[in-house]
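Engineer: Questions regarding the structure given below will be posed in turn.
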Amino acid sequence: MKISLKWLNEYVDIKDYFSKPQELADLLTNSGLEVDAVANLSEQFQNIVVGQVSELGQHPDADKLTVCQIDAGEGFLRQIICGAKNHKQGDKVVVTLPGAVLPGDFKIKDSKIRGVESKGMLASESELGLADEAEGIMILPADAPVGTSFAEYAGLDDVILEISVTPNRADCMSHVGLAREVACLLGRPYELPVSDFEAQGAASSELVTLSLNNSELCPRYAGRAIFGVKVGPSPTWLKSRLEAVDINSINNVVDVTNYVMLELGQPLHAFDAALIAGKKIIIENSKKGEIFQTLDGTEVELTGEELTIRDGERPVALAGVVGGLNSGVTPSTTDVFLESAFFTNEGVRHTSRRFGIETDSAQRFSRGTDPDGVLKAMNRAVQLIQQVAGGSISKDFYDEYPKPLKHPPIMVGVDFISQKMGYPVEAQDFSQWMVRLGCQVKELGGGKFAVQPPAFRWDLLDDVDLVEEYGRLNGYDKIPEVMPALHSEPGVDATEFTAENRVAHLLAREGFFQAVNYRFLSRQVQDDFLGKKSLLSAVGLALVGETVALRNPLSEELGVMRESLLPGLFQNVLHNYRHGKEWGRLFEVDQVFGKTSEGYAQSSRLGLVAWGQSQGLWNADIQRPVVYDLKAALERTCARLQINNVDWRTLKSDQVPEFLHPKQCSGIFVEGRMLGVMGSLHPQVLETHKIRHSVAVGELDLGALMRGQPRILKAKSISKFPAVERDLAVVLPADLEASKVQKEIQKSGAPLVQSVRVFDVFEGGNLKEGERSVSFRILCQKMDGTLSDEELKGLQSKVIASLEKKLKVALR
């Protein structure tokens with residue numbers, strides 16, 4: 001929000017800060033209102049003054065140029081060549097002297113034009129950056145004082161503060177509101193604008209009748225009629241005020257409503273009374289399915305939940321958000337009905353977000369306005385409308401306020417404040433600050449107070465709110481630096497946090513980056529990716545419950561709580577891939593959500609995704625499917641967690657999730673329990689999203705995986721005797737997994753067999769169709785001696801016999 005210091009000075013005396021605006025900015029920032037920027041408008045008009053054309057002559061060598069002798073208040077005449085045709089002798093003009101810098105970094109300096117010396121330039125509004133176009137130089141009124149700085153004359157010698165107002169301080173989103181804050185901080189008085197006008201017009205009821213049918217969303221609604229206005233351009237002072245804070249001038253009536261909003265913080269709306277059907281204003285909810293057209297021509301379909309201002313036939317405004325094109329003020333408007341209301345912040349915020357309409361009005365109502373300021377703003381606006389557009393003000397007005405709102409008093413004690421602040425607080429100091437804040441303070445004795453906050457401070461609800469106010473006003477620098485006392489031993493981290501942190505560090509060691517996604521996403525994105533969700537239950541990833549939909553999502557893209565980590569991770573892949581990252585490794589450790597008959601529930605999950613292969617000097621020829629990288633990373637992570645019994649089992653066709661390749665996926669079994677699934681993405685998914693590299697994903701139940709963690713690392717002695725390797729090639733049918741053979745070798749050869757790994761797979765040759773030869777390398781070792789040939793032969797016979805008996809496989 002932008003604040004003009006000259007405008008602010010009308011309500012609180014801050015002239016002493018005009019030359020040192022940064023000090024005022026620091027004061028506000030230290031009190032909780034962060035000033036993002038301080039802009040001195042006069043700096044862009046340095047060396048630009050008001051001048052007068054004393055003599056006007058023709059350029060001797062150019063028919064379209066004139067030679068002007070300019071009085072710039074310097075005690076001598078300055079010769080300037082001008083190419084415009086709209087000036088004459090005696091005109092007051094804007095003179096840019098050598099050293100001035102105009103927009104576009106155009107520097108003014110002494111020069112010669114067609115051999116004639118020119119010591120400056122006569123400027124137009126466009127050259128000064130005050131208008132997009134101009135037909136000639138800027139001609140000033142005859143009473144403009146020669147030699148005066150143009151910035152001072154035009155009211156452009158202002159300082160603009162750009163302030164970030166926190167959501168709870170809507171009372172500071174106006175010049176009067178900030179004046180109250182500055183007056184409080186500096187201990188100075190402040191003045192409210194006076195609304196002095198004559199109300200001699202007809203009754204407001206002759207223009208419209210008013211019905212407030214929803215006082216829950218609109219606790220207070222006021223309105224007043226102005227008859228016989230003349231809509232036209234705003235006077236210069238009004239335009240300048242608005243443009244200084246980046247508000248475009250529209251017409252005198254609309255500009256007044258914007259001016260009062262910026263002055264008092266109360267949004268207003270002016271209706272063209274002639275366009276109000278049936279002469280009725282009705283405040284009630286919309287009708288489902290009806291179409292409303294905003295002032296800028298945007299059409300929205302209403303749902304029946306939003307509050308509207310209606311006439312006898314249709315909605316004419318979305319309450320607190322935006323007016324309708326069907327009832328706005330136009331150049332032909334003569335009678336105006338002015339609205340000033342208090343709408344609840346929840347109702348306005350819901351409507352604004354539902355349709356994505358952000359306006360200055362919606363921003364203020366969404367944060368909370370002052371119900372006691374409704375009539376003040378309305379009367380201030382009718383006064384100004386009469387001043388700039390004429391007309392007569394109705395002798396009466398509407399003010400529907402069935403249930404007046406009032407802050408309950410807050411009970412607080414000095415002892416409580418001292419305890420929270422960490423230093424002794426004097427009762428007099430606290431009471432003084434609260435009074436300067438606008439509160440009514442009643443001393444109850446014993447250092448206790450009953451504090452009645454003003455209506456514009458709706459955010460002050462509890463005793464801790466008053467402590468916070470005292471702390472910021474008295475100065476956070478007064479809080480002493482003290483090491484906190486440890487009265488008890490710090491507690492250990494939560495088991496779940498420790499487990500998630502451990503897994504994250506282990507996966508980072510594997511070269512994976514951690515993804516942190518929103519816990520909500522688009523329902524369509526989630527459903528399109530997961531497909532038939534019941535299949536997730538078959539792989540140990542049962543849904544927590546029904547999909548949880550947000551009642552008031554920020555957007556449709558964030559409409560439901562996620563039921564799996566994989567849709568979000570896949571969106572990460574798409575984003576990276578479309579930005580040129582053709583390989584990557586990501587993981588996410590977080591919650592998934594659902595709703596059961598007993599309420600909302602959540603479950604911890606581990607999600608993994610890998611795509612493409614890194615291409616470099618040493619790994620340019622890597623062609624292996626990326627799913628093997630994912631599998632290896634998970635196996636090593638489990639090994640470091642002391643989880644050694646990890647098994648990969650082929651899924652039945654009716655178990656495979658729709659997003660996975662049916663021939664390149666496996667169920668993940670850990671210590672005999674199925675905890676998740678891993679595999680390559682289905683080719684159809686890759687084709688749909690135009691991904692030319694393989695992508696593999698995996699998801700596990702993290703809570704089940706980390707059950708029993710942390711596990712104690714068990715050490716065993718290292719054999720002093722040499723190990724021996726033996727190779728064994730067996731013929732396997734297509735439906736027999738090599739891992740089962742590997743486990744049987746390990747089991748039957750214990751305790752001599754230390755490890756078994758696959759080192760070769762062969763198909764074809766003299767093997768039957770559907771058969772493959774798998775070669776295993778077996779590492780054998782004794783703890784108490786060297787293995788003899790007889791022992792090795794006996795071990796090999798035992799292993800072969802076990803394989804033939806239990807798995808029906810034979811040596812190749």
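Engineer: Give me the distance between the Cα centres of segment 461-527 and segment 293-307, rounded to whole Å.
Structural biologist: So the two Cα centres are separated by 40 Å.
Engineer: Right, next: List the relative contact order of segment 724-812 as a percent without decimals, with contacts defined as Cα pairs under 8 Å and 6+ residues apart.
Structural biologist: On the way: 129 pairs, mean separation 36.7, N = 89.
Computed over segment 724-812, the figure is 41 percent.
Engineer: Between helix 345-355 and the chain, what is the angle of the helix's C-alpha long axis to the longest principal axis, kept within 0 to 90° and rounded to the nearest 10?
Structural biologist: 70
Engineer: Sticking with this one: Along its three principal axes, how long is the chain when you only count alpha carbons? Whole Å, largest extent first please.
Structural biologist: Principal extents (largest minus smallest coordinate, Cα): 123, 83, 63 Å.
Engineer: Across segment 355-433, how large is the tail of the calculated P(r) beyond 15 Å, expressed as a percent of all Cα pairs?
Structural biologist: 77
Engineer: Mind checking the full-extension length gain between Lys806 and His693? Use 0.36 nm per residue of separation minus the Cα-Cα distance, one decimal, nm.
Structural biologist: Numbers: separation 113, 0.36 × 113 = 40.68 nm, distance 4.06 nm.
Computed gain between Lys806 and His693 is 36.6 nm.
Engineer: While we're here: Tally up the carbon and sulfur contribution to the accessible surface of segment 664-791 as a whole percent, 1.4 Å probe, everything protein left in place. Write down the numbers at each step before the final one.
Structural biologist: Details: 3830 of 7270 Å².
The computed percentage sits at 53.
Engineer: If you don't mind, there's one more thing I want to ask. Quick one: pull the percent of accessible area on segment 247-314 belonging to carbon and sulfur, 1.4 Å probe, ligands and nucleic acids left out.
Structural biologist: Numbers: 1260 of 2800 Å².
Percent of accessible area from carbon and sulfur atoms in segment 247-314: 45.
Engineer: Given a 1.4 Å probe, how much area per residue of the chain is accessible, in Å²?
Structural biologist: Working: 41340 Å² over 812 residues.
With all protein chains present, the chain gives 51 Å² per residue.
Engineer: Remind me, what semi-axes does segment 651-714 give for its equivalent ellipsoid, largest first in whole Å, using sqrt of 5 times each Cα gyration tensor eigenvalue?
Structural biologist: Working: eigenvalues 172, 36, 15 Å².
So the equivalent ellipsoid measures 29, 14, 9 Å along its semi-axes.
Engineer: Which value, to two decimals, describes the C-alpha radius of gyration of segment 612-694 once divided by 2.2 N^0.38 Å? Could the numbers behind the result be given before it?
Structural biologist: Values: Rg = 14.7 Å, N = 83, 2.2 N^0.38 = 11.8 Å.
It is 1.24.
Engineer: Angle between the Cα long axis of helix 495-509 and the longest principal axis of the chain, 0 to 90 degrees, nearest 10?
Structural biologist: 80
Engineer: Now a separate question. For segment 72-203, what D do you get in µm² per second when you plug the Kirkwood radius from alpha-carbon pairs into Stokes-Einstein at 4 °C and 1.567 mPa s?
Structural biologist: Numbers: Rh = 19.2 Å.
So the translational diffusion coefficient is about 67 µm²/s.
Engineer: Let me ask something additional. From the gyration tensor of the Cα coordinates in segment 637-773, what semi-axes in whole Å does the equivalent ellipsoid have, largest first, with each one equal to sqrt(5λ)?
Structural biologist: Numbers: eigenvalues 189, 127, 35 Å².
Here the semi-axes work out to 31, 25, 13 Å.
Engineer: To continue, here is another question. How high is the relative contact order of segment 637-754, in percent, counting Cα pairs under 8 Å that sit 6 or more residues apart? Let's see the in-between values first.
Structural biologist: On the way: 113 pairs, mean separation 22.1, N = 118.
Answer for segment 637-754 is 19 percent.
Engineer: Assigning unit charges at the beta carbon (Lys, Arg +1; Asp, Glu -1) and nothing else, what dipole magnitude in debye, to the nearest 20, does the chain show about its Cα centre? Mind showing how you got there, number by number?
Structural biologist: Numbers: 88 positive and 109 negative charges, 820 e Å.
Dipole about the Cα centre, nearest 20: 3940 debye.
Engineer: In the chain, what % of DSSP beta bridges are antiparallel (nearest 5)?
Structural biologist: Values: 136 of 143 bridges.
Just about 95 percent of them are antiparallel.
Engineer: In addition: Roll a 1.4 angstrom probe over the protein heavy atoms and tell me the percent of accessible area of segment 1-130 that is carbon or sulfur.
Structural biologist: On the way: 2960 of 6500 Å².
With neighbouring chains kept in place, the figure for segment 1-130 is 46 percent.
Engineer: Work out, in µm²/s and without decimals, the Stokes-Einstein translational diffusion coefficient of segment 165-225 at 37 °C, 0.692 mPa s, Rh from Kirkwood over C-alpha pairs. Mind showing how you got there, number by number?
Structural biologist: Values: Rh = 15.6 Å.
Translational D for this selection: 211 µm²/s.
Engineer: Something else about it: Residues with beta-carbon under 13 Å from that of Asp272, excluding Asp272: net charge, scoring Lys, Arg +1 and Asp, Glu -1? Can you show the working numbers first?
Structural biologist: Numbers: positive: Lys279; negative: Asp311, Asp335, Glu339.
Residues close to Asp272 contribute a combined charge of -2.
Engineer: Take peptides 33-41, 252-260, 310-318 and line them up by average Cβ neighbours within 10 Å, highest first, as a rough protection proxy.
Structural biologist: Working: 33-41: 15.4, 252-260: 24.7, 310-318: 21.2.
Highest mean packing first, the order is 252-260, 310-318, 33-41.
Engineer: Pulled fully out, how much extra length does the chain show between Glu557 and Val761, if you take 0.36 nm times their separation in residues and subtract their Cα-Cα distance?
Structural biologist: 68.8 nm
Engineer: Mind jotting down the distance between the C-alpha centroids of segment 177-229 and segment 338-382, whole Å?
Structural biologist: First find each Cα centre; the distance between them is then 13 Å.
Engineer: Semi-axes, largest first, in whole Å: what does sqrt of 5 times each Cα gyration tensor eigenvalue give for segment 437-503?
Structural biologist: Working: eigenvalues 299, 63, 37 Å².
In descending order the semi-axes read 39, 18, 14 Å.
Engineer: Give Lys743/Lys798; Lys107/Lys239; Lys280/Lys403; Lys64/Lys119 a once-over and call out the pairs whose C-alpha atoms are over 21 Å from each other.
Structural biologist: In this structure, Lys107/Lys239; Lys280/Lys403 exceed 21 Å between Cα atoms.
Engineer: Now for a separate question. How far is helix 427-437 tilted off the main Cα axis of the chain, in degrees rounded to 10, range 0 to 90?
Structural biologist: 70
Engineer: Kindly provide the pair-distance distribution of segment 147-297 built from C-alpha pairs, with 10 Å bins from 0 and whole-percent values in order of increasing distance.
Structural biologist: Per 10 Å bin, starting at 0, the Cα pair percentages come out as 8, 26, 34, 23, 8, 1, 0.
Engineer: Kirkwood-based Rg over Rh for segment 411-472 (C-alpha set), two decimals? Before the final figure, lay out the partial values.
Structural biologist: Details: Rg = 10.5 Å, Rh = 11.5 Å.
Ratio of gyration radius to Kirkwood radius for segment 411-472: 0.92.
Engineer: Using only the alpha-carbon atoms, what does segment 350-508 span along each of its principal axes? Please give whole angstrom values in decreasing order.
Structural biologist: Rounded to whole Å, the extents work out to 75, 54, 31 Å.
Engineer: Modelling each spin label as a point 7 Å along the Cα-to-Cβ direction, I'd like the Asp727/Lys448 distance in nm, to one decimal.
Structural biologist: The modelled label-to-label distance comes out at 9.1 nm.
The values are calculated or read from the model by the stated rules, or taken from the named source; none is laboratory data. This structure is a prediction, so every number in the text was calculated from the model and none was measured. Cβ sites come from the backbone with ideal geometry, for glycine too, and all protein chains shown count toward neighbours. Protein only, heavy atoms only, side chains kept; ligands, DNA and RNA dropped before computing areas. Shrake-Rupley method; radii C 1.70, N 1.55, O 1.52, S 1.80 Å.
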